[in-house]
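Visitor: Before I ask anything, let me first share the structure, which is written out below as structure tokens.
The values are calculated or read from the model by the stated rules, or taken from the named source; none is laboratory data. Quick caveat: nothing in here was measured; it's all calculated off a predicted structure. Cβ placement follows ideal geometry from the backbone for every residue including glycine, while neighbour counts extend to all protein chains displayed.
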Amino acid sequence: MSIKILTRNIGVPNLTNIEVYESLGGYRGLQKALREHSPAEITDMVKKSGLRGRGGAGFPTGMKWGFVPKNTGKPVYLCVNGDESEPGTFKDRLIIEKDPHQLIEGTIISAYALGCRQAFIFLRGEFFHGARVVGKALEEACAKGYLGRNILGSGFDLEIILHRGAGAYICGEETALLESIEGKRGHPRLKPPFPAVIGLYQCPTIINNVETLANIPHIVNNGAEWFAAIGSERNTGTRLFGVSGHVEKPGVYEFPMGITLRELIYDHCGGIKNGRGLKAIVPGGSSVPVLTADQVDVRLDFDSVAKAGSMLGSAGVIVMDETTCMVKALRRITRFYAEESCGQCTQCREGTEWLYQILTRLENGEGRAGELETMLDICTGLKGRTICPLSDACAMPVESYIRRFYDEFTAHIQERRCVVA
């Protein structure tokens, strides 16, 4: 079943122009929200829709909003996480660059539901074009009266500030993102307290992903029951899958959650390039455990992928064919995490670099006996022992690649060469 929600207008000429967006039904959700619903009703609608965060963790969005304390006397902030620095992930960029008003409308409605008067859109430092597109869209929304004071005569005021990061992966972690907005180094904070209670400027703050908020206008327009009927229980709505690697037609695909990897790869992405065999799939960005070819029938929803031993994460699907050297692939992943560690925690700062050094030796034919076990021990010391999950994001792939392709890693040590044809 093909249902397009977020990408239904992608490809329409001049979609970034507000008049074009309005002609396609844009900002009707905002008008409906302000005129027909209270903030509490919007939050309840999002809860009933079953929408879960699209940034990686999959936490229920409405429930997250409900954590904001009431009547504290402090302002409430909403931060849009558009950092998207996870290798293999590029679906938020599509919305940012091609349909920015969809994101802005979702942000305004969400801010209204939260009682927020100032919101931030945080974009990855390298998104130069996306920043220009979103900046222009914000100016258009202000000129039309969708932002500013007394929006559409409702008495609701909102300012949205575009904040560009400096290109650090760690700022995709929500508390590091807050530190960056405050003008500090992007170092994650200890939790608790959680941002919903003490966040930006020590005030209650909600951080939501770009794709998550882009769904909000459609839920308001069509109802919670409509959204909940798409996908399956606990995994409602559609998902944007960013497919890359050894497929004939890489790109961003939107399907109801629950589509199988096989259907996505072979029916929609044209299969494996050059007719080669499938070897491995990363289902949710480089930080999640890898799946093997015999797991290609797993359904792409949060629960099914977790049952298969991985995570749906950011839905960045990386496909590897039979010619892929898993040692080389894993070395490249660990290099990224070693470089992007903020260095705040000793385990992460030292452990990620240690893993990279060992994998470099393996790839160069200089591996030593027992080093696979050493790497698994390092991973044990990395997981759940640091301020943020970056060390886990490095450890989980290392563990899964070694355990699921153990013979290939062993061959690199014993034969001192890559055995992949």
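Visitor: Looking only at the stretch 178-199, which residues are under 14 Å from F120 (Cβ atoms), in contact (Cβ under 8 Å) with a residue 12 or more places away in the chain and touching a Pro at 6+ places or on another chain (Cβ under 9 Å)?
Guide: Correct list: L178, P195, G199.
Visitor: Could you check the stretch 300-327 and list, in sequence order, the residues that are among the hydroxyl-bearing types (S, T, Y) and free of Cβ contacts under 8 Å to residues at least 24 places away in the same chain?
Guide: None; the set is empty.
Visitor: Considering only residues that are touching a residue at least 12 places away in the same chain (Cβ under 8 Å) and among the charged types (D, E, K, R), look in the stretch 58-76 and name the one that is surrounded by the most Cβ atoms within 10 Å (Cβ to Cβ).
Guide: The selected residue is K64.
Visitor: Please determine whether any residue of the stretch 278-296 is of a type in the set (D, E, K, R), over 17 Å from the mean Cα position of the chain (by Cα), within 25 Å of G58 (Cα to Cα) and part of a strand (DSSP E or B).
Guide: Taking every residue of the stretch 278-296 in turn, none turns out to be of a type in the set (D, E, K, R), over 17 Å from the mean Cα position of the chain (by Cα), within 25 Å of G58 (Cα to Cα) and part of a strand (DSSP E or B).
Visitor: Here's something else I'd like to know. Give the stretch 340-362 a look and list any residue that's in contact with a Leu (Cβ under 9 Å, 6 or more places away or on another chain) and touching a residue at least 40 places away in the same chain (Cβ under 8 Å), or say none.
Guide: Once the filter is applied, which keeps residues that are in contact with a Leu (Cβ under 9 Å, 6 or more places away or on another chain) and touching a residue at least 40 places away in the same chain (Cβ under 8 Å), the stretch 340-362 yields E340, S341, C342, C345, Q347, C348, G351, T352, L355, L362.
Visitor: Among the candidates R8, R35, R52, R28, which residue alone is surrounded by fewer than 22 Cβ atoms within 10 Å (Cβ to Cβ) and within 25 Å of L162 (Cα to Cα)?
Guide: Exactly one residue qualifies, and that residue is R28.
Visitor: Looking at the stretch 1-57 only, could you name the residues that are farther than 26 Å from R124 by Cβ, of a type in the set (S, T, N, Q), touching a residue at least 40 places away in the same chain (Cβ under 8 Å) and not in a helix (DSSP H, G or I)?
Guide: S2
Visitor: Checking the condition buried (at least 17 other Cβ atoms within 10 Å of the Cβ), at negative phi, not in a helix (DSSP H, G or I) and not assigned by TED's automatic domain parsing to the domain that holds I170, which residue from C388, C379, C394 passes?
Guide: Just a single option satisfies the conditions, and that option is C388.
Visitor: In addition: Name the pairs: first residue in the stretch 126-151 and more than 16 Å from D99 (Cα to Cα), second residue small (G, A, S) and modelled with pLDDT of 95 or more, Cβ to Cβ under 7 Å, at least 6 apart or on different chains?
Guide: Filtered contacts from the stretch 126-151: C142/G148; L147/A141; I151/G145.
Visitor: Give the residues of the stretch 176-202 that are more than 23 Å from G73 (Cβ to Cβ) and either of a type in the set (A, V, I, L, M) or outside any loop (DSSP other than H, G, I, E, B) (or both), sorted by residue number.
Guide: Answer for the stretch 176-202, where residues must be more than 23 Å from G73 (Cβ to Cβ) and either of a type in the set (A, V, I, L, M) or outside any loop (DSSP other than H, G, I, E, B) (or both): A176, L177, E179, S180, L190.
Visitor: Sticking with this structure for a sec: Out of the stretch 231-261, which residues are of a type in the set (D, E) and at pLDDT below 95?
Guide: E233, the sole residue that qualifies.
Visitor: Among the residues of the stretch 301-339 satisfying the criterion of being among the β-branched types (V, I, T) and part of a helix (DSSP H, G or I), which is nearest to the chain's Cα centre (by Cα)?
Guide: Among those residues, the one meeting the criterion is V305.
Visitor: Are any of the residues in the stretch 94-103 closer than 30 Å to I333 by Cα, in the same structural domain as L200 (by TED's automatic domain parsing) and not hydrophobic (A, V, I, L, M, F, W, C)?
Guide: yes
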